[in-house]
2 protein chains.
Amino acid sequence: MQTLNPTARVILGMIKLGRNTGYDIKSLVDVSTRHFWAASYGQLYPELKRLEQDGLITGRDEPSGGRRRRVYELTEDGERALHDWLASDEKPSYELRDEGLLKIFFGDSMSADELVRAVQANRRLHEGVGAALREIEPHARDAETRFPYLTLQAGLAEHDHMAAWWREVEERLARGEDPHVPADPKEQQ
Amino acid sequence: MQTLNPTARVILGMIKLGRNTGYDIKSLVDVSTRHFWAASYGQLYPELKRLEQDGLITGRDEPSGGRRRRVYELTEDGERALHDWLASDEKPSYELRDEGLLKIFFGDSMSADELVRAVQANRRLHEGVGAALREIEPHARDAETRFPYLTLQAGLAEHDHMAAWWREVEERLARGEDPHVPADPKEQQ
DNA sequence: TTGACAATGTATCGGCTTGATATATCATAC
DNA sequence: GTATGATATATCAAGCCGATACATTGTCAA
């Protein structure tokens, strides 16, 4: 059993959740995992073909009227591959690309004014993601979607926390203080 | 002035900070921005060539002994491009790819036991990044590197917070409670 | 009823990115 | 002297994103 490539992981999971066309998978991803695991058509469709060739899913054509449509299901091998991945004890991957932080890193090349605006942009970014998550929060809040809801709460906690952190930096800068925010002892291990 | 591609942004900033070979840039990235902005040789060297062709940097060969070595400097155009990017009011990009969260999203396909281990893996991941950042923390803590130090603190705050959050989920699961962690009212906007 | 627009569905492209690997030289230490 | 690690450049397969193109079907208002 070779390891599933990144896109294959969402695909198998989403098919298991009953999303059985490329379009359907993409639609759910865009309103759920997008904030921590995105997927594009450019990866989805080729990967569906590959997974079918490898026998992890089976597809059948089910056009609705004249509109082509291919519906997929997990095979036994596919179920096993999904479960093996989920149960695997390997350290999960974690990657972040945060342009706002990079700008702050180069803060010496900015004026005081530009720096404040960069900090504000970071605060606003996290506030924005938080607000977006809060909008879908009520829809996710039911027993059917217990675990998706938990991941939504994780995102909420993270972005609320970072928004508050940048807000504090902003206030320190406004007061002319050193921007370093002392670590909250409560958070320490 | 067309917008800088992602790798060009680190390159110009790092050259401004005095890192003037591809190797030197990569070395600094790996001990500083790596946690929120990585860069690989595969992007660095081609991009250095492109930036030189576009006139944002100039390179001269400065072999040390028989070892080839190309040293770069910012041109005026390069300085301007760097500054334009830093001062730009466009919403900074933010992308996350978190395999641990994706596993939790598919939590219904796991046993109670496997779920606990997945949650533990998430807690440990954030603890690990926190510990790694704490190790380089003393080196970064000086006036010369005020802004890099601030980004390090941002990372510390974020990973400490997420480690604590997952620890709480873990404890709730251990007590047989619903894993939903209620939002901390202090964090709310 | 027709015409516009949104939703469903598949597909592809350019350019960006990673991670691994290859090649060489030089410095250090044993 | 020779192994190891640091310095330095380069390349490749594979993965990935965002945009776009295309076609069909459903909806709704003028």
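None of the figures in this text is laboratory data; all of them are computed from the coordinates on show. Quick caveat: nothing in here was measured; it's all calculated off a predicted structure. Counting neighbours? That spans all protein chains shown, and the Cβs are built from the backbone with ideal geometry, glycine included.
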For B:Ser32, A:Ser64, A:Ser40, what ranking results if the residue with the fewest other Cβ atoms within 10 Å of its Cβ goes first?
A:Ser64, A:Ser40, B:Ser32
So what J values fall out for segment B:3-16 if you push phi through Karplus, 6.51 cos²θ - 1.76 cosθ + 1.60 with θ = phi - 60°, rounded to Hz, Gly and Pro as x?
5, 5, 6, x, 5, 4, 5, 5, 4, 4, x, 5, 5, 4
Going by how many other Cβ atoms sit within 10 Å of their own, how do A:Glu76, B:Glu137, B:Glu99 line up, fewest first?
A:Glu76, B:Glu137, B:Glu99
Using the 7 Å Cα-to-Cβ label point, sort the distances from A:Val116 to its equivalents in the other copies shortest first and give them in nm to one decimal.
5.2
Of the listed links B:Lys26/B:Lys49; A:Lys49/A:Lys91; A:Lys91/B:Lys91; A:Lys26/A:Lys103, those spanning more than 24 angstrom between alpha carbons are A:Lys49/A:Lys91; A:Lys91/B:Lys91; A:Lys26/A:Lys103
With labels modelled as points extended 7 Å from the Cα through the Cβ direction, what inter-label distance (nm, one decimal) is found for A:Arg50 paired with B:Glu62?
4.3 nm
The correct pair for the protein assembly as shown, radius of gyration to one decimal and Dmax as a whole number, both in Å and from Cα atoms, is 22.9, 72
Within a Cβ distance under 13 Å of A:Ala39, other residues only, what is the Lys/Arg minus Asp/Glu net charge?
+1
Along Cα→Cβ at 7 Å, what distances in nm separate the A:Ser64 label point from those on the other copies, shortest first?
6.5
Running Debye on segment B:99-174 with equal point scatterers at the Cα sites and no solvent, what base-10 log of I(q)/I(0) appears at q = 0.11, 0.19, 0.20, 0.26 Å⁻¹?
-0.36, -0.76, -0.81, -1.11
How large are Rg and Dmax for chain A when calculated on the C-alpha trace, in angstrom?
21.4, 66
Calculate the dipole size of the protein assembly as shown relative to its Cα centre from +1 charges on Lys and Arg beta carbons and -1 charges on Asp and Glu beta carbons; express the result in debye to the nearest 20.
900 debye
Whole-Hz Karplus couplings 3J(HN,Hα) for segment A:94-106, θ = phi - 60° and coefficients 6.51, -1.76, 1.60, Gly and Pro as x, run 8, 9, 10, 9, 10, 4, x, 5, 4, 4, 4, 3, 9
Calc'd 3J(HN,Hα), segment B:156-162, phi into Karplus 6.51 cos²θ - 1.76 cosθ + 1.60 (θ = phi - 60°), Hz, glycine/Pro = x, comes to 4, 4, 5, 6, 4, 5, 5
Ranking A:Leu4, B:Ser93, B:Pro138 by how far each Cα lies towards the positive end of the charge dipole of the protein assembly as shown (+1 on Lys and Arg Cβ, -1 on Asp and Glu Cβ), the top one is A:Leu4
If labels are modelled 7 Å from Cα along the Cβ direction, A:Leu173 lies from its partners in the other copies at nm distances, smallest first, of 3.9
Taking 8 Å as the Cα distance limit and 6 or more residues as the minimum spacing, I'd like the relative contact order of segment B:6-87 as a percentage.
32 percent
Find the Cα radius of gyration of segment A:1-106, compare it with 2.2 N^0.38 Å by division, and give the number to two decimals.
1.24
Loop sites in segment B:94-133: chymotrypsin sites (Phe, Trp or Tyr not before Pro), DSSP, at most 10 other Cβ within 10 Å
none
